[in-house]
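**Student:** Here it is: the structure, laid out below.
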Amino acid sequence: MKKRRLHGEWLGRQRYAPVHELMQRYHEERRAGSRPDTVLFVEHEPVITMGRGAAAEHVLLPRELLSARGVDLIDTGRGGDVTLHAPGQLVCYPILDLSPDRQDVRRYVGDLTETMRRLAASFGVDAGAIPDDKALIGLWVDATEPSRWPGAKDARRLAKLGAIGVRISRWITMHGFALNLSTDLELFGLIVPCGISQHGVTSVQALTGAAPTVASMVAPALETLAEVLDAEVAELSS
């Protein structure tokens, strides 16, 4: 079978709403067959996004106060609860046709998790998934010893390094993952991230002291995603 070819686009730093509109347009074009498999990369201005399963009480400030702090609040069509995007976070939105050989939602979520895991490993961070708990989808670390992932049961201080929220319609994907590189972690105090109050959120910078820029991680992220999906990189434009 011929390998998929991924066309990457680096959008730079953007507010959420126009990127969401672009993603929806690309999704329609991919479904119509007029667009190839495309992967969008972006660094968002501060925004809280609400998934289909979001609980209003998981946003801890009213819209007016969030706006005064420069934080947008937007409903989306992805799965999941409440999440936050902000500068210093690598956000990846694959618009892919999973037909005919990868029509498995769990496998696709696992592929996104594995992509983030490999990127984190390049900074000496050992991370992993928690496969037996749907509420804890994403990439996790033991913040007390980030160089070693013992599994959720043996971790002394679980912390979330990367979030995943997807929507798949007719096996065409939307939304994707967000990996915290040097994100201001205090912003997560505005929400109950993904409805999880018992565990914290962390970043590559908080764990290692390294502060990679989002722009510097776009090409490695596209290459890594292609490897995980057994695909090829066709191009990366900006």
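The values are calculated or read from the model by the stated rules, or taken from the named source; none is laboratory data. Quick caveat: nothing in here was measured; it's all calculated off a predicted structure. Because the Cβ atoms are built from the backbone with ideal geometry, glycine has one as well, and the counts that use them run over all protein chains shown. The area values use the complete protein model at the heavy-atom level, side chains included, leaving out ligands, DNA and RNA. Shrake-Rupley method; radii C 1.70, N 1.55, O 1.52, S 1.80 Å.
**Student:** So what is log10(I(q)/I(0)) for the chain at q = 0.14 1/Å, when the Debye sum runs over its Cα atoms only?
**Tutor:** These q points yield log10 I(q)/I(0) values of -0.87.
**Student:** What percentage of the solvent-accessible surface of the stretch 20-146, computed with a 1.4 Å probe over protein heavy atoms, is contributed by carbon and sulfur atoms?
**Tutor:** With neighbouring chains kept in place, the figure for the stretch 20-146 is 48 percent.
**Student:** Got a sec? Which residues in the stretch 104-119 would a label at GLN24 touch, if it sits 7 Å along Cα→Cβ and we count backbone N under 19 Å?
**Tutor:** Counting backbone N atoms under 19 Å from the label point, the list is empty.
**Student:** Here is a follow-up. Below 8 Å between Cα atoms, with a sequence gap of 6+, how large is the relative contact order for the stretch 99-204 in percent?
**Tutor:** Once divided by the residue count of the stretch 99-204, the mean separation gives 22 percent.
**Student:** Keeping all protein chains in place, calculate the accessible area per residue for the stretch 84-206 (probe 1.4 angstrom), answer in Å².
**Tutor:** On a per-residue basis, the stretch 84-206 sits at 41 Å².
**Student:** At what distance in angstrom do the alpha carbon centres of the stretch 64-137 and the stretch 175-238 lie from each other?
**Tutor:** 8 Å
**Student:** Same structure again: In cubic angstrom, how much convex hull volume per residue do the alpha carbon atoms of the stretch 1-73 span?
**Tutor:** Here the figure is 122 Å³ per residue.
**Student:** Short version: ³J(HN,Hα) in whole Hz for each residue of the stretch 72-81, in order, from phi by Karplus 6.51 cos²θ - 1.76 cosθ + 1.60 (θ = phi - 60°), x for Gly and Pro, what are they?
**Tutor:** Karplus values, whole Hz, x for Gly and Pro: 7, 10, 9, 7, 10, x, 6, x, x, 9.
**Student:** On to the next question. Within the stretch 81-238, what percent of beta bridges assigned by DSSP are antiparallel, to the nearest 5?
**Tutor:** 90 percent
**Student:** Arranged from highest to lowest average of other beta-carbon atoms within 10 Å per residue, in what order do the peptides 182-190, 77-85, 44-52, 205-213 appear?
**Tutor:** In descending order of packing, they fall as 77-85, 44-52, 182-190, 205-213.
**Student:** Still on this model: Under a point spin-label approximation (7 Å from Cα along Cα-to-Cβ), what is the ASP184-ASP75 distance to one decimal in nm?
**Tutor:** Here the modelled spin labels are 2.8 nm apart.
**Student:** Above 17 Å lies some portion of the pair distances; for the stretch 35-98, what is it as a whole percent of all C-alpha pairs?
**Tutor:** More than 17 Å apart: 49 percent of the Cα pairs in the stretch 35-98.
**Student:** Please list VAL204, VAL166, VAL233 from largest to smallest accessible area, probe radius 1.4 Å, with all protein chains kept in place.
**Tutor:** VAL233, VAL166, VAL204
**Student:** Across the stretch 101-112, in residue order, what do the Karplus-derived ³J(HN,Hα) couplings come to in whole Hz, using 6.51 cos²θ - 1.76 cosθ + 1.60 with θ = phi - 60° and x for Gly and Pro?
**Tutor:** Going residue by residue, I get 9, 10, 7, 8, 4, 4, 5, 5, 4, x, 5, 5 Hz, with x marking Gly and Pro.
**Student:** Let me ask something else. Quick one: how many Å² of TRP149 are accessible to a 1.4 Å probe, rounded to 10?
**Tutor:** That residue has around 50 Å² of solvent-accessible surface.
**Student:** So what J values fall out for the stretch 196-207 if you push phi through Karplus, 6.51 cos²θ - 1.76 cosθ + 1.60 with θ = phi - 60°, rounded to Hz, Gly and Pro as x?
**Tutor:** Residue by residue, the stretch 196-207 yields 9, 9, 7, 10, x, 10, 9, 9, 4, 5, 5, 7 Hz.
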